[in-house]
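Engineer: Before I ask anything, here is the structure I am working with.
The values are calculated or read from the model by the stated rules, or taken from the named source; none is laboratory data. Only a predicted model underlies this, so the values are computations on that prediction, with no experimental measurement involved. Reconstructed Cβ throughout: ideal geometry from the backbone, glycine too, with neighbour counts over all protein chains shown.
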Amino acid sequence: MNIFKRLFRIGQAEIHAVLDGVEDPVQITETGIVEMKENLTLTLESLAKVKAMVIRAKNEKEKKRSEAQDYGNKAVILISKAQNGDIDIAQAERLAKEALLRKEQLISEINELDVQRIEHENIASDIQKNIEILKFNITKWENELKTLKAKIRISKVTQEVNKQMAKIDSDSTLNMLERIKEKIAEEDALFQAYAALNKCNISVDDEIDIAIGANEQNVDSELDEIKRKLGMQ
């Protein structure tokens, strides 16, 4: 993954700027972490194999060293037997020489095993360094992922709040008040219309009663005049 490899080469200050420019930085970061963990597993397997080669080289070296020492001891024994007259001197020297040749061959092989062991140990050391780097980067990017997720959550919340605030502006408030004003006007007009209809349905008797009630003082005066004429007063 090119973008993730690039992130390893840039500074901390540029990380979020690069991530902000990709389509899905969380998914890319998660994928990169998975790849690093897969590489870590493979690297650990390689380290185990190299260390096994070091161990085999050491074991083989000890075995050959023991064999070389044994051939050296045999050469001494052969010459001692020839000196004591137990075996022919020529035969003893021939066999002793053969034993010493095999000893020298084993010593040469031991030296070669030492070279191989040192090479394997150097390789193991380099692999171990790579493992430590991978572990460091995995931890680093797991922390970066947490920070990135938190940043995205905050960004989403901020955007949502901004959207809500954008809906609650002065124009919206004025429009709402105008709608309320229109509603009140509609209700008042409807009330007046019903009142007019009720007035049209008033009977003559109701009008008389209303008139009487409205001119009650005049009615009382007229009633007193009627009583006076009849001699009731």
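Engineer: Residues Glu45, Glu14: which one is in a helix (DSSP H, G or I), among the acidic types (Asp, Glu) and at pLDDT 85 or above?
Structural biologist: Matching residue, one of Glu45, Glu14: Glu45.
Engineer: With respect to Ile138, is the statement that it is at pLDDT below 90 and under 30 Å from Gln27 (Cα atoms) true?
Structural biologist: When the stated conditions are applied, Ile138 does not pass them.
Engineer: Separate question: What pairs come up if the first residue lies in the stretch 97-108 and is closer than 15 Å to Ile79 by Cα, the second is surrounded by 13 or more Cβ atoms within 10 Å (Cβ to Cβ), and their beta carbons are under 6 Å apart, counting only those six or more places apart or on different chains?
Structural biologist: From residues that are closer than 15 Å to Ile79 by Cα, the pairs are Ala99/Tyr71; Ala99/Lys74; Ala99/Ala75; Leu100/Ala75.
Engineer: Which of the following residues is in the same structural domain as Ile33 (by TED's automatic domain parsing), surrounded by 14 or more Cβ atoms within 10 Å (Cβ to Cβ) and closer than 30 Å to Ile33 by Cα: Glu93, Glu121, Glu132, Glu67?
Structural biologist: Glu121
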